[in-house]
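Visitor: Following this message is one structure expressed as structure tokens.
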Amino acid sequence: MDSIQIEGGICLYGQTKIQGSKNATLPILAATVLIDGTSRIENCPDIADVSAMINLLRSIGCIVTKEKEAIVIDAAKVVKSNLPQEEVTKMRSSIMLMGALIGRTKSITLDYPGGCIIGKRPVDIHLMALRRLGVQIEETENTIHAWTTGLRGSSIFLPFSSVGATENCILAGVCAEGVTHILNAAREPEIDALCEFLIRAGACIEGAGTTHITIIGVDGLQSVTYRVPNDRIVAGTYALAGVICGGEITLLETPTEHMQKIMEVIRHLGATIWEENNRLIIRRLQTIRALPYLKTEIYPGFPTDLQSMLMVACTIANGRSIIEETIFENRYKIVKDLCAMGADIEVENTKAYIGGKTRLQGKHVIAEELRGGAALVLAGMAAKGTTVVENKYFIDRGYENICADLSQLGSRICVK
Ligand code: EPZ
């Protein structure tokens, strides 16, 4: 199993290009199942989760070919609607195929996608919403079997603005009979991208990016080519690497319109960050300022996916910080590793109290999930001495080539 080795304590100077968005690509790949024809999705990141989604699409009869910068999906022969257990449990986003497959074949059988280390990640909101659209759902201990005689538009209030449940509602609603209203919908930019793709294929959707999305069902969708936006979480990861290490870095092709809150927080940390013709420049020359209090929120708040990286920055800030995680119930997994590296962090329920003024020491640490793993790499870049982060495969789920990217920014990092 590959690990990542980092020589820490180096200021960063350099530039790197931001990859396509994982969390936009996955629901859009699922949406291609709705199209009785061929779709071409460009700028897809070459990461493990996209490969897992491609395997799922192939398992139901799609012909999928990977070109250099695009994935081409011919969904004309989608026949099967039961998903292979090993692929489903490997990746939670398989749940996205529920709405799309029911929209296309009127049924789906899949194992519960299962939680992961950051939380139980139930799918109750997904199932409630699909039932509102006329889907019959039978649940056994491990399996969900869903079918419909015909999807019918409805008004659905989401008790929590779940990103995935919003996406599943949209996927089931685009070909339903009548009008669907999704209330308290998620507003993440990845929802916008999914709706943009579907509208280009002929869907009738209004309100994407707001909490009220209206869908008028259509008879069918046409083949389309679409380029996914770049990844705001990868860009935020590298921007925080620049803050943590100090120096000046430039991120090319950054989706800054989706990063306003991230940029605001980076300014609070005492760095300067500005945009110049589609590139984002981050400069940190003074000490990092502590954050009196910051909580993760649904978009456009500070994203939960960057909470671990922000925690690393707070461990070396010039005072005490408080972070509150409000989205997932178990997203402080790296606290033990950061404390082993010398950090002073105490967790009480949803809040982490971070002492700051730490000189992190290099350590051998073990990644347990995607974003926490990336945060441990950033901690290694700040630490004195050498850090090894095991289980690189977790990080490969979301980052195309984190070592190459961070090397381009000036980090002394390599795969072991
Ligand atoms: C998406 O996950 C992202 N994944 C996550 O990114 C991201 O952290 C999350 O949205 C929040 O922004 C993809 O887009 C592939 P949710 P999703 O449904 O859709 C609870 C990464 O690192 N909930 O908005 O699964 C749930 O338990 C990943 O790239 C229910 O209770 O997130 C969680 O506490 C990690 N019942 C909260 O809502 C449900 O039916 C947010 O979940 C659904 C969700």
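The values are calculated or read from the model by the stated rules, or taken from the named source; none is laboratory data. Quick caveat, the model's predicted, so the values are computed rather than measured. Glycine also receives a Cβ, built like all others from the backbone with ideal geometry; neighbour counts cover every protein chain displayed. Ligands, DNA and RNA are excluded from the accessible area calculation, which covers all protein heavy atoms including side chains. Shrake-Rupley method; radii C 1.70, N 1.55, O 1.52, S 1.80 Å.
Visitor: Under a point spin-label approximation (7 Å from Cα along Cα-to-Cβ), what is the I366-I322 distance to one decimal in nm?
Guide: 3.3 nm
Visitor: Tell me whether region 22-227 comes out rounded, prolate or oblate; compute the Cα gyration tensor, take square roots of the eigenvalues as a ≥ b ≥ c, and use a/c under 1.5 as the rounded threshold.
Guide: The shape class here is rounded.
Visitor: Specify the inter-centroid distance of region 189-262 and region 273-300, based on alpha-carbon positions, in whole Å.
Guide: If we compute the Cα centre of each part, the gap is 19 Å.
Visitor: In degrees, nearest 10, range 0 to 90: what is the angle between the Cα axis of helix 96-105 and the longest Cα principal axis of the chain?
Guide: 20 degrees
Visitor: Any idea of M311's accessible area? Nearest 10 Å², probe 1.4 Å.
Guide: 0 Å²
Visitor: Angle check, please: helix 163-173 long axis (alpha carbons) against the longest principal axis of the chain (alpha carbons), in degrees 0 to 90, nearest 10.
Guide: Helix 163-173 sits at roughly 20 degrees to that axis.
Visitor: Antiparallel DSSP bridges in region 22-227: what percent, to the nearest 5?
Guide: Percentage antiparallel, nearest 5: 75.
Visitor: Across the chain, where is the longest run that never hits chymotrypsin sites (Phe, Trp or Tyr not before Pro) in a DSSP loop with at most 14 other C-beta atoms within 10 Å?
Guide: 1-159
Visitor: When ligands, DNA and RNA are left out and all protein chains stay put, how many square angstrom of accessible area per residue does region 22-227 have with a 1.4 Å probe?
Guide: I get 38 Å² per residue for this part.
Visitor: What does the helix-only formula give at 222 nm for the chain: each DSSP H stretch with n ≥ 4 adding -39500 (n - 2.57), the total divided by the residues, and the result rounded to the nearest 500 deg cm²/dmol?
Guide: It lands at -9000 deg cm²/dmol.
Visitor: Which of the peptides 260-269, 53-62 is most tightly packed, and how do the rest follow, going by the mean number of other Cβ atoms within 10 Å of each residue?
Guide: Descending packing order for the listed peptides: 53-62, 260-269.
Visitor: Here is a further query. Using the Karplus equation 6.51 cos²θ - 1.76 cosθ + 1.60 (θ = phi - 60°), what ³J(HN,Hα) coupling, rounded to whole Hz, does each residue of region 33-48 give in order, writing x for Gly and Pro?
Guide: 3J(HN,Hα) across region 33-48, in whole Hz: 5, 6, 9, 7, x, 10, 10, 10, 10, 9, 6, 6, x, 8, 10, 4.
Visitor: For the Cα atoms of the chain, what angle does the longest principal axis make with the long axis of helix 370-382, in degrees from 0 to 90, nearest 10?
Guide: 20 degrees
Visitor: Still on this structure, I have one more. By DSSP, what percent of the beta bridges with both residues in the chain are antiparallel, rounded to the nearest 5?
Guide: 70 percent
Visitor: What GluC sites (Glu not before Pro) in region 132-178 are in a loop by DSSP, with at most 14 other Cβ atoms within 10 Å of the Cβ?
Guide: E141
Visitor: Sticking with this one: Looking at the square roots a ≥ b ≥ c of the eigenvalues of the Cα gyration tensor of the chain, which shape do they give, rounded for a/c under 1.5, prolate if a/b is larger than b/c, or oblate?
Guide: Prolate.
Visitor: What does the charge add up to near E369, with Lys and Arg as +1, Asp and Glu as -1, over the other residues with Cβ less than 10 Å from its Cβ?
Guide: So the environment of E369 carries a net charge of +3.
Visitor: A further question follows. Which of the GluC sites (Glu not before Pro) found in region 267-331 are in a DSSP loop and have at most 16 neighbouring Cβ atoms, other than their own, within 10 Å?
Guide: Of the GluC sites (Glu not before Pro), the ones in loops of region 267-331 whose Cβ has at most 16 other Cβ atoms within 10 Å are E297, E329.
Visitor: Moving on. Any idea what the relative contact order of region 22-227 is, in percent, if you count C-alpha pairs under 8 Å spaced at least 6 apart?
Guide: Value for region 22-227: 21 percent.
Visitor: How much of the accessible area of region 22-227, in percent, comes from carbon and sulfur atoms when a 1.4 Å probe is used?
Guide: 49 percent
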